[in-house]
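Engineer: Sharing a structure with you now.
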Amino acid sequence: MIILRTSPTSPYGRKARIAAAVLGLEDQIKVDWADTRASEGSLYEQNPLAKVPTLLLENGESVYDSRVALELLDALAGGGKIIPTGEARISALTKQAMADGITDAAIQAQIETRNHPEEHWNTVWIERQQGKVNRTLKAFNDQPLPTPAQTNGIPDCAQIALACSLGYLDLRANGDWRRENPELICWHDAFVEQVPAYNETLAPEMLEGS
């Protein structure tokens with residue numbers, strides 16, 4: 001059995017958990033929570049970056065990061081399910097990178113505000129990260145991705161990544177993305193309705209607030 005090291009709130013680990021669910025691989029994968037804030041422990045031995053998600057294969061090999069994890073899960077399911085083939089592949093991978101970039105920038109801004117008192121915040125850095133988030137959200141709002149129902153009912157890697165990014169912004173940024181992105185709200189609502197694994201992988205904080 002494959003072991004998925006992740007944390008309940010990781011948007012990257014959530015990508016792998018949703019992917020496993022939509023691919024019907026849940027019975028082949030065991031989720032093992034990792035303490036990503038620990039300064040030592042088994043995660044450091046399994047992944048020198050000590051980041052999640054990390055997949056532990058039966059042959060002892062470790063696989064990371066989330067994009068590689070989705071590639072592996074797709075291959076285990078026969079291929080061409082959440083990672084398109086042919087010309088559509090590059091487009092999906094690019095949009096997945098865009099969605100992950102939203103998460104990357106949001107996390108960088110959060111680290112700055114979480115780790116320093118407000119009077120010592122690097123506001124230039126925060127604004128730069130927020131600019132990345134806002135521009136990419138606008139790009140997705142102006143040209144929405146298809147919904148899972150429009151792609152044979154199975155979300156691809158880009159759709160999964162974007163849903164997890166928006167979920168992270170709901171969790172850590174008070175859902176501010178919803179103010180100026182009405183088309184993206186509609187897309188997100190459709191994803192939530194069409195992919196049960198989205199609600200099944202909500203962070204505990206979101207469940208407590210529901």
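Engineer: Identify the single condition in (1) within 30 Å of A197 (Cα to Cα); (2) without any contact (Cβ under 8 Å) to a residue 24 or more places away in the chain; (3) surrounded by 15 or more Cβ atoms within 10 Å (Cβ to Cβ) that A163 does not satisfy, given that it satisfies every other one.
Structural biologist: Unmet for A163, out of (1) within 30 Å of A197 (Cα to Cα); (2) without any contact (Cβ under 8 Å) to a residue 24 or more places away in the chain; (3) surrounded by 15 or more Cβ atoms within 10 Å (Cβ to Cβ): (2).
Engineer: Right, here's the next one. Hey, any hits in segment 22-43 for a residue that's in contact (Cβ under 8 Å) with a residue 60 or more places away in the chain and closer than 14 Å to L202 by Cα?
Structural biologist: Among the residues of segment 22-43, not one is in contact (Cβ under 8 Å) with a residue 60 or more places away in the chain and closer than 14 Å to L202 by Cα, which makes the answer no.
Engineer: Further question on the same structure: Evaluate segment 32-42: report whether one residue or more is aliphatic (A, V, I, L, M), within 16 Å of the chain's Cα centre (by Cα) and under 25 Å from L171 (Cα atoms).
Structural biologist: no
Engineer: Can you pull out the residues in segment 171-201 that are surrounded by 18 or more Cβ atoms within 10 Å (Cβ to Cβ) and of a type in the set (D, E, K, R)?
Structural biologist: R172, the sole residue that qualifies.
Engineer: Any residue in segment 144-156 that is in a loop (DSSP other than H, G, I, E, B) sitting within a Cβ distance under 8 Å of a residue that is of a type in the set (G, A, S) and at pLDDT 95 or above? List the pairs, counting only those 6 or more apart or interchain.
Structural biologist: From residues that are in a loop (DSSP other than H, G, I, E, B), the pairs are L145/A158; T147/A190; P155/A163; D156/A92.
Engineer: Next question, about the same structure. Checking the condition in contact with a helix residue (DSSP H, G or I) (Cβ under 8 Å, 6 or more places away or on another chain) and within 15 Å of A16 (Cα to Cα), which residue from K81, K95 passes?
Structural biologist: Step by step, each of K81, K95 is checked, and only K81 is in contact with a helix residue (DSSP H, G or I) (Cβ under 8 Å, 6 or more places away or on another chain) and within 15 Å of A16 (Cα to Cα).
Engineer: Kindly check whether there is at least one residue in segment 185-194 that is free of Cβ contacts under 8 Å to residues at least 40 places away in the same chain, under 18 Å from Q96 (Cβ atoms), part of a helix (DSSP H, G or I) and not hydrophobic (A, V, I, L, M, F, W, C).
Structural biologist: Among the residues of segment 185-194, at least one is free of Cβ contacts under 8 Å to residues at least 40 places away in the same chain, under 18 Å from Q96 (Cβ atoms), part of a helix (DSSP H, G or I) and not hydrophobic (A, V, I, L, M, F, W, C), which makes the answer yes.
Engineer: Could I ask something else about it? Has segment 180-198 got any residue that is in contact with an Asp or Glu (Cβ under 7 Å, 6 or more places away or on another chain) and modelled with pLDDT of 95 or more?
Structural biologist: no
Engineer: Still on this structure: Among the residues of segment 140-158, write down those that are surrounded by fewer than 17 Cβ atoms within 10 Å (Cβ to Cβ) and among the charged types (D, E, K, R).
Structural biologist: D142, the sole residue that qualifies.
Engineer: Moving to a separate point now. Here's a check for you: in segment 43-66, which residue that is of a type in the set (A, V, I, L, M) and farther than 22 Å from A97 by Cβ is nearest to the chain's Cα centre (by Cα)?
Structural biologist: This residue is A50.
The values are calculated or read from the model by the stated rules, or taken from the named source; none is laboratory data. Every value quoted in this text rests on a predicted model; they were computed, and no experiment measured them. Glycine also receives a Cβ, built like all others from the backbone with ideal geometry; neighbour counts cover every protein chain displayed.
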